[in-house]
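Asks: I am attaching a structure below and will ask some questions about it afterwards.
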Amino acid sequence: MDKAYYAEKGLFVGITAIICAFYFFAPTLFTFKSSLIEQNGTVGNLQIYYTRVESSRGSKSIKSELKFTLNSTQSVYVLMKNIGQSRFNERFENLEKELKVSGRATVWIKKNQKHEYKPTVFKIADRNGKVIYDFEESKSHSRFGFLISFAMGIFGIGLWLRHKYWKKSAHNIASY
């Protein structure tokens, strides 16, 4: 078994995982409330979609998406969640009902995504200002992904560092 080969693979996986953590998860996780803007309007094109997703390993799961528009913007607001083998996302079904009953909504997005077609949704309130999807709920998915990716990155880099420097320092200590 060539330990140097696996240590180099660990370094590659570690660096890639850390890049993924900061590219995919950090922009949502490290967003502050002060960097958000409100968009108000009448809710339109409100629908939930369930899509079967197959991974490269052959396992299947279901992705649920809650999509809607506001008449005052050109954006499509999307909430997405992988629900595993379940055929029903109770949280999105409840959100859909609340938005239908309300008819109007306020959505908070990043200022710099104001003109994007599908901005990241951080918070949703109904016509009365009652928050039905909050800031912490939107960030909770990114928190888990960031922590797993970052930990995997640190482990991979640590594996490489241990292989590269631990033997030499242990050998040097033994020679004293």
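The values are calculated or read from the model by the stated rules, or taken from the named source; none is laboratory data. A quick note: this is a predicted structure, and the numbers were derived from the prediction, not measured. Reconstructed Cβ throughout: ideal geometry from the backbone, glycine too, with neighbour counts over all protein chains shown.
Asks: Report, by residue number, each residue of the range 28-42 that is out of contact with any Leu (no Cβ under 9 Å at 6 or more places or on another chain) and exposed (fewer than 15 other Cβ atoms within 10 Å of the Cβ).
Replies: Answer for the range 28-42, where residues must be out of contact with any Leu (no Cβ under 9 Å at 6 or more places or on another chain) and exposed (fewer than 15 other Cβ atoms within 10 Å of the Cβ): 30, 32, 33, 34, 35, 37, 38.
Asks: Go through (1) crowded, with 16+ Cβ neighbours inside 10 Å; (2) of a type in the set (A, V, I, L, M, F, W, C); (3) over 30 Å from residue 155 (Cβ atoms) for residue 21 and report which single condition fails.
Replies: (3)
Asks: Which is hydroxyl-bearing (Ser, Thr, Tyr) and in contact (Cβ under 8 Å) with a residue 40 or more places away in the chain, of 140, 149? Spell out the reasoning first.
Replies: Values: 140 fails: in contact (Cβ under 8 Å) with a residue 40 or more places away in the chain.
Step by step, each of 140, 149 is checked, and only 149 is hydroxyl-bearing (Ser, Thr, Tyr) and in contact (Cβ under 8 Å) with a residue 40 or more places away in the chain.
Asks: Give the residue that is farthest from residue 139 (Cα to Cα), with candidates limited to residues of the range 27-39 that are at pLDDT below 90, touching a Phe, Trp or Tyr at 6+ places or on another chain (Cβ under 7 Å) and not in a loop (DSSP other than H, G, I, E, B).
Replies: Here the residue is 33.
Asks: Okay, moving on. Taking the range 35-59, which residues are over 17 Å from residue 119 (Cα atoms) and of a type in the set (Asp, Glu)?
Replies: 54
Asks: Say we look at the range 99-113 and pick out the residues that are loosely packed, with under 15 Cβ neighbours inside 10 Å and more than 19 Å from the chain's Cα centre (by Cα); which of these is farthest from residue 76 (Cα to Cα)? Spell out the reasoning first.
Replies: First, pick out the residues of the range 99-113 that are loosely packed, with under 15 Cβ neighbours inside 10 Å: 100-101, 103, 111-112.
If we keep only those that are more than 19 Å from the chain's Cα centre (by Cα) too, we end up with 100-101, 103.
Values: 100: 16, 101: 19, 103: 16 Å.
My answer is 101.
Asks: Say whether the condition of being assigned to a loop (DSSP other than H, G, I, E, B), surrounded by fewer than 16 Cβ atoms within 10 Å (Cβ to Cβ) and without any contact (Cβ under 8 Å) to a residue 40 or more places away in the chain is met by at least one residue in the range 1-9.
Replies: At the first step, the residues of the range 1-9 found to be assigned to a loop (DSSP other than H, G, I, E, B) are 1-2.
Next, only the ones that are surrounded by fewer than 16 Cβ atoms within 10 Å (Cβ to Cβ) stay: 1-2.
Remaining after also requiring without any contact (Cβ under 8 Å) to a residue 40 or more places away in the chain: 1-2.
Within the range 1-9, one or more residues are assigned to a loop (DSSP other than H, G, I, E, B), surrounded by fewer than 16 Cβ atoms within 10 Å (Cβ to Cβ) and without any contact (Cβ under 8 Å) to a residue 40 or more places away in the chain.
Asks: Can you find a residue in the range 105-116 that is touching a residue at least 24 places away in the same chain (Cβ under 8 Å) and touching a Pro at 6+ places or on another chain (Cβ under 8 Å)?
Replies: yes
Asks: So, residue 159, is that one of a type in the set (A, V, I, L, M), part of a helix (DSSP H, G or I) and crowded, with 18+ Cβ neighbours inside 10 Å or not? Quick ask: steps written out before the conclusion?
Replies: Working: of a type in the set (A, V, I, L, M): yes; part of a helix (DSSP H, G or I): yes; crowded, with 18+ Cβ neighbours inside 10 Å: yes.
Considered against the rule, which asks whether it is of a type in the set (A, V, I, L, M), part of a helix (DSSP H, G or I) and crowded, with 18+ Cβ neighbours inside 10 Å, residue 159 comes out as yes.
Asks: It is to be established whether one or more residues within the range 75-91 are in contact with a Ser or Thr (Cβ under 6 Å, 6 or more places away or on another chain), crowded, with 16+ Cβ neighbours inside 10 Å and either over 27 Å from residue 147 (Cβ atoms) or of a type in the set (A, V, I, L, M) (or both).
Replies: There is at least one residue in the range 75-91 that is in contact with a Ser or Thr (Cβ under 6 Å, 6 or more places away or on another chain), crowded, with 16+ Cβ neighbours inside 10 Å and either over 27 Å from residue 147 (Cβ atoms) or of a type in the set (A, V, I, L, M) (or both).
Asks: Identify, please: which residue in the range 124-176 is among the small types (Gly, Ala, Ser) and at pLDDT 85 or above and is, among those, nearest to residue 94 (Cα to Cα)?
Replies: Let us first name the residues in the range 124-176 that are among the small types (Gly, Ala, Ser), namely 125, 129, 138, 140, 142, 145, 149, 151, 153, 156, 158, 169-170, 174-175.
Adding the requirement that they be at pLDDT 85 or above leaves 125, 129, 145, 149, 151, 153, 156, 158.
Values: 125: 13, 129: 17, 145: 25, 149: 31, 151: 34, 153: 37, 156: 41, 158: 44 Å.
Within the range 124-176, the match that is nearest to residue 94 (Cα to Cα) is 125.
Asks: If you go through the range 47-68 one residue at a time, do you hit one that is touching a Gly at 6+ places or on another chain (Cβ under 8 Å), hydrophobic (A, V, I, L, M, F, W, C), free of Cβ contacts under 8 Å to residues at least 60 places away in the same chain and surrounded by 15 or more Cβ atoms within 10 Å (Cβ to Cβ)?
Replies: Yes, the conditions are met somewhere in the range 47-68.
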